[in-house]
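Worksheet: the structure to be examined is printed underneath.
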Amino acid sequence: MSTSALQARLKNKHLVRHWMSSEVVSANLHDGLHQTRERMDERGVRHMPVVDGEEQLVGIISDRDIRRPNTLDVGGVIDAFRVDNTMKVEEAMSSPAAHVSPDTTIDAALTLIGARKFGALPVVDENLRVVGMLSAWDLLRAFRACLD
């Protein structure tokens with residue numbers, strides 16, 4: 001099957017809502033990095049949407065954000081990037097987070113993930129509340145279904 005035929009099949013038949021994970025664990029802005037890493041490990045996830053006090057999406061944090069060996073310049077003092085609860089999610093997350101809606105086509109989501117080299121995208125409703133996550137693995141499952 002040609003690439004364009006596969007894209008047409010995805011565009012016409014599959015929406016994000018059919019492939020996203022709807023059981024989402026979120027991080028809060030003021031959660032500690034160690035606490036967040038433990039929650040990721042417990043749930044077996046590599047990406048967590050970050051929500052504010054109104055439960056609206058404000059960013060995303062990945063396991064890569066937490067474990068990268070960067071240094072921070074805080075007030076002119078270099079401090080090793082700490083994976084403890086002293087450093088908060090809001091200091092390490094990516095913001096604003098790219099996101100999609102449940103009615104986004106798989107093709108459009110794939111374009112966004114591929115162009116930005118993301119591992120996952122939060123799926124939000126019209127009020128920016130997280131209703132799911134769409135990972136690169138979810139996209140592979142969608143493609144596999146199209147080939148069957």
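The values are calculated or read from the model by the stated rules, or taken from the named source; none is laboratory data. Everything quoted here is computed from the prediction, not taken from an experiment. No Cβ is skipped: glycine too gets one built from the backbone with ideal geometry, and neighbour counts run over all protein chains shown.
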Practice prompt. Can you run down the residue pairs with Cβ atoms below 6 Å, 6 or more apart or on separate chains, where the first is in the stretch 96-108 and touching a residue at least 24 places away in the same chain (Cβ under 8 Å) and the partner is buried (at least 16 other Cβ atoms within 10 Å of the Cβ) and part of a loop (DSSP other than H, G, I, E, B)?
Written response: Ile106/His14
Worksheet item: Is it true that Leu134 is touching a strand residue (DSSP E or B) at 6+ places or on another chain (Cβ under 9 Å) and closer than 16 Å to Val25 by Cβ?
Response: yes
Worksheet item: Taking into account only those residues within the stretch 32-87 that are of a type in the set (S, T, N, Q), touching a strand residue (DSSP E or B) at 6+ places or on another chain (Cβ under 8 Å) and modelled with pLDDT of 85 or more, which is surrounded by the fewest Cβ atoms within 10 Å (Cβ to Cβ)?
Response: Gln56
Worksheet, complete the sentence: Selection from the stretch 109-148 of residues in contact (Cβ under 8 Å) with a residue 12 or more places away in the chain and acidic (Asp, Glu) yields Asp125, Glu126, Asp138
